[in-house]
Structures are given as C-alpha cells and as structure tokens.
Amino acid sequence: MHFTTLASGSSGNAILVGEDNRHLLVDCGISGKSLLHNLSHVNIPYSEIEGIVVTHEHVDHIRGVGVLARKLKIPIYATTGLWKAMRPSLGKIAENQQVDVQDSFSCAGLNVLLYPTSHDSRESYGLKVTRPKRQDRGDLAVGIATDSGRITAEMHQHLKGCDAFVVEANYDDERLWNGPYPWYLKKRISGHYGHLENKQLAEGLSEWIEGNTQRVVLAHLSEENNTPEIALSTVLRILKELNISKKCPDVQVQVAPRHTPHELIILRE
Ligand SMILES: [Zn+2]
Ligand SMILES: [Zn+2]
C-alpha cells in the first residue's frame, strides 16, 4: 500500500492513496492541470486513478475536482450534504459520476471510512483508508485528518493504531497571535471549527501512534503562521517528551510540501 500528498496547504490539497496500480484521490484543491503534472512526478499514470473522495466543500479541497473527474471520467465520492454544498462549484458532472456515500464504502479496492471533523464547512470529514486483509497480506491503514479545530472523539476512535498518518499541523500558536492576521481570522483559525495547532496535533498523534506505525506526514501547514521547521521540531519535541519512541522506535515524521508532491511512501508489509 502506498500514499503521498500531491499538494498541501490553503492554496490547495490533494492526497493519493493506493495499492499496486489502483489509486484514489482524497480531494483535488489544485487545478486539474497541476494535479496531473504533480502526479507525473510520482510516476503514477493518471489512467490508474479510480475516484476522488471529497472531505469538504472549501475551495482548497475542491478547486480541480470537477475538471479532473470529467477529464479522467472517474466518479466523485461525497456525502449527500457535501454534494448539496459543492455541486454548483463543480460544473457539469454526469449522473453516474456522482456517488452519494455514507460513512463507509470501497474505492480502488480499498475500504474508505469517513468520520466527522470539527470545521466551519457544511460538513467535514477525516478518513481512514484500509487495505483489506488477503491470504498473503495483513491489513494496512492510512489515517487522514486535516481541517479540524480540535481533536475529536471520532479521531481518537478511528486513528488509533494506523500504519501511517497524513495529519494537519496548521499553525504555531505564537506565530498566529503575533502575526499579521486580523483578529477575526485569528479567532476563526484557533476556534473549535478552525484548524489544528502544532502542539494540539502532536498530543493527539501521541495517542494514535502504536508499535506498527511507520510514517507521519504533517500537512496543511499555514504559510503565514507556521513553517516546516517549526511544525516538525514542535511535533518531534512533544512526541519525545511523551516517550513515544518507547512504543514506536522508528516512526518517521516528515512535512508535506506546499506545491509539489511528497515522495511516494510505500508501507512495509
Ligand atoms: Zn477547510
Ligand atoms: Zn483546507
């Protein structure tokens, strides 16, 4: 099983998850053209993408969804509420490409579970993407959580023990409050329906990482209120303070680049 981020941050988000030659996208918040360009950098042929799962209707998650679905002739998976919220922004989508999902479904041979996050969109979801067990292979899971103002009970429930994570480290408290954003925006970002702060995320992560966890990718970093160095050092410091290396000595933590793809991460069996 493999995954990567293709773009990450408020200028646009897209995550790829797959196995062998079947893949799904989680969001497409960059243009269809940029998405195809970034995909070629991780050597994934676009003909192998089988669907786009949408987490919520904010433009940094759906900008290229309509164009890409039309170009690749692939279905879009979203809940009824998200369909209502985003349909006007997608352009014309054929009936058979509109898949109305509830909390779990399968796409590209993987099981997808949606759970709510706490965010100021009509609806907003995190995902757990699982590769089902087969004769010769155990199950593997990638936990995804961006765009949440707080760590929710559902995150604890579904993210604990995932083999890999793509999780939001949006801002650094000090940088946000001492930074140039207007007061209302600072309140919005740090509020219950905004985004996750580095330390907040690290504390959640410390409970989700188990002995089997291999990789963590920090995602959706704010350009103004965070830096890759601050996010990484804060998360590593807290994981160290909480003695996470005891239960998981070789977990690797990295930061998703904003405009370019992260390297393709292939999970060990
Ligand atoms: Zn959002
Ligand atoms: Zn976002």
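Some points to look at:
- Extension gain, R122 to E207, is 27.8 nm, computed as 0.36 nm per intervening residue step minus the present C-alpha separation.
- Its Cα gyration tensor gives the chain an equivalent ellipsoid. The semi-axes, each the square root of 5 times an eigenvalue, are 27, 23, 17 Å from largest down.
- Near S148, the amide H atoms lying under 5 Å from its own belong to L196; only residues 5 or more places off or on other chains count, and H is placed 1.01 Å from N.
- Charged neighbours of R131, selected by a Cβ distance under 15 Å, balance to 0 (K, R count +1; D, E count -1).
- Most mobile listed residue (V251, V65, V142) in the chain, GNM with C-alpha springs under 10 Å: V251
- Two-site label geometry, D139 and N178: point separation in nm, points 7 Å out along Cα→Cβ: 4.6 nm
- Estimated distance in nm for a label pair at N96 and E224, the labels positioned 7 Å out from Cα along Cα-to-Cβ: 4.6 nm
- For the pair K247 and R87, the difference between a 0.36 nm per residue extended length and the Cα-Cα distance amounts to 53.1 nm.
- Between the C-alpha center of the range 173-203 and that of the range 136-171 there is a gap of 20 Å.
- Relative contact order [Cα under 8 Å, 6+ residues apart], the range 2-266, whole percent: 18 percent
- Links that overshoot a 19 Å alpha carbon limit, given the list K128/K187; K128/K199; K187/K240; K160/K247; K160/K246; K71/K92: K128/K187; K128/K199; K187/K240
- When only the Cβ of Lys, Arg, Asp and Glu is charged (+1, +1, -1, -1), the dipole of the chain relative to its Cα centre reaches about 400 debye.
Readers should treat all values here as calculations from the given coordinates under stated rules, not as data from a laboratory. Treat the numbers as computed from the prediction; the structure is a model and nothing was measured. Glycine also receives a Cβ, built like all others from the backbone with ideal geometry; neighbour counts cover every protein chain displayed.
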